[in-house]
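The structure under discussion appears below in the form of structure tokens.
The values are calculated or read from the model by the stated rules, or taken from the named source; none is laboratory data. All figures in this text were calculated on a predicted structure; none of them were measured in a lab. Cβ sites come from the backbone with ideal geometry, for glycine too, and all protein chains shown count toward neighbours.
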Amino acid sequence: NEIYLAGLGGARPELPMTAAGLEDAARAQLSPEAFGYVAGSASTERTARANVAAFGEHRIVPRMWRGTAKASARDLSTTVLGTHLAAPVLTAPIGVLGLVHPDAEPAVASAATELGIAAVVSTAASTPMEEVAAAAGDWWYQLYWPADEEVARSFVQRAEVAGAGAVVVTADTPGMGWRPRDLELGHLPFLKAQGIANYLTDPVFRSRLAAPPEEGDQAMQTAVLTWLGMFGNHTVRPADIARLKEWTSLPVLVKGVLHPDDARAVVDAGADGVVVSNHGGRQVDGAVAALDALPGVVAAIGRDSSRGATVLLDSGVRCGADVVVALALGAEAVLLGRPWVYGLGLAGRAGVVHALRCLLADLDLTMAMAGLASVAEVDRSVLSVRG
Ligand code: FNR
């Protein structure tokens, strides 16, 4: 309502209202390095395009006689693994946000909180997790599992002490994918904007260094090399999840799962759920669109299966209808990525609030006009079946 009423007064919004519009504005306004880092995907970027296109293959069948047009008739809230969300949306973990805007991760966590949703905070954040936590309401911690397991354990325990509601282990990044846009600009985004802040502040990581990184260029260079040796862990396997569960009492999700057998393996090892994701097409170009992988994973481990695990989805969510489609195919909630990152680059915290509000308002109205009063009502019957 607020958005429409502002329009009635003749006010034009300062930022575009769609994900595509935000991307265009960001292309024009952000530095080439920042835009390339966010927009870039692996190789030909065809999986990134397929992620978005997959949503267009599904059609919602509106049921307008159900009386859901009044806002008071609807409740979009849901609870995922103990975290209450005003709508079935979280912000995806995005690293190195200092490259996009100096306000970075604390601005995102606080914007998500303002809208009643939760932020998933990356290990590769430009800001130490304790500082992000101070700005956040509900937040989850995303773990890139370092090769030094004591550092991994320290990260998880820091996150729990700082108040994270869940740990999301990203399984699809034993190293960075082939990302031509970053390569052409000749930069490693991680280093340019302190994507290693959580390492530099970690007591176990620091104990591995001969000298504290603050002690000059030489000490910092050693710290960076030590980090490089640790970052991609090629050996994380489903069985490691059982050990992770011993380190923490928080729920654990594994992000980057696309095959039903992998989903079964991580849940059988103790994970509470998975995020079906191909990292926005940034890792395996030619990989299956995340949405196309969703039904198989839901059938294997989802709420209604014998395993009863939580299934979330990201990669390609751009509008309210996309959220409805993902829920209809069995996701309990979605993680939203690039659209709010462009908002951050364009206008800091206010830009994140704007991008999130647009998507949530779009979702709310889509639900209203489709005759859907709650998240629980969104199932397969909402979609048309094409013969
Ligand atoms: C990511 N993603 C990501 N994932 C993760 O687990 N840890 C991270 O640090 C990052 N960093 C990151 C940076 C940037 C710039 C992007 C675009 C993505 C992946 C992210 O969590 C999510 O899976 C994708 O963003 C989903 O794709 P779309 O919907 O944003 O295209």
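Of everything listed in (1) in contact with a Leu (Cβ under 9 Å, 6 or more places away or on another chain); (2) at pLDDT 95 or above; (3) surrounded by fewer than 18 Cβ atoms within 10 Å (Cβ to Cβ), the single unmet condition for GLY56 is (1).
Whether any residue in the stretch 91-106 is in contact with a strand residue (DSSP E or B) (Cβ under 8 Å, 6 or more places away or on another chain), hydroxyl-bearing (Ser, Thr, Tyr), away from the ligand (no atom under 16 Å from the Cβ) and not in a loop (DSSP other than H, G, I, E, B) is what I want to check. No, there is no match, as no residue in the stretch 91-106 is in contact with a strand residue (DSSP E or B) (Cβ under 8 Å, 6 or more places away or on another chain), hydroxyl-bearing (Ser, Thr, Tyr), away from the ligand (no atom under 16 Å from the Cβ) and not in a loop (DSSP other than H, G, I, E, B).
For the stretch 330-349, check the following and say yes or no: at least one residue is part of a strand (DSSP E or B), farther than 22 Å from ARG46 by Cα and among the small types (Gly, Ala, Ser). Yes, some residue in the stretch 330-349 is part of a strand (DSSP E or B), farther than 22 Å from ARG46 by Cα and among the small types (Gly, Ala, Ser). Among the conditions (1) hydroxyl-bearing (Ser, Thr, Tyr); (2) more than 11 Å from the ligand (Cβ to nearest atom); (3) in contact (Cβ under 8 Å) with a residue 40 or more places away in the chain, SER126 misses just one, which is (2). If only one of LEU360, LEU327 is surrounded by fewer than 24 Cβ atoms within 10 Å (Cβ to Cβ) and either farther than 23 Å from GLU45 by Cα or in contact with a Ser or Thr (Cβ under 6 Å, 6 or more places away or on another chain) (or both), which one is it? Result: LEU360 is the single residue among LEU360, LEU327 that is surrounded by fewer than 24 Cβ atoms within 10 Å (Cβ to Cβ) and either farther than 23 Å from GLU45 by Cα or in contact with a Ser or Thr (Cβ under 6 Å, 6 or more places away or on another chain) (or both). Per the listing THR68, THR79, the residue uniquely among the β-branched types (Val, Ile, Thr) and touching a helix residue (DSSP H, G or I) at 6+ places or on another chain (Cβ under 9 Å) is THR68. Taking the stretch 124-205 as the region of interest, the helices (runs of 4 or more DSSP H) fully inside it that hold 3 or more residues being over 17 Å from VAL96 (Cβ atoms) are 129-135, 149-161.
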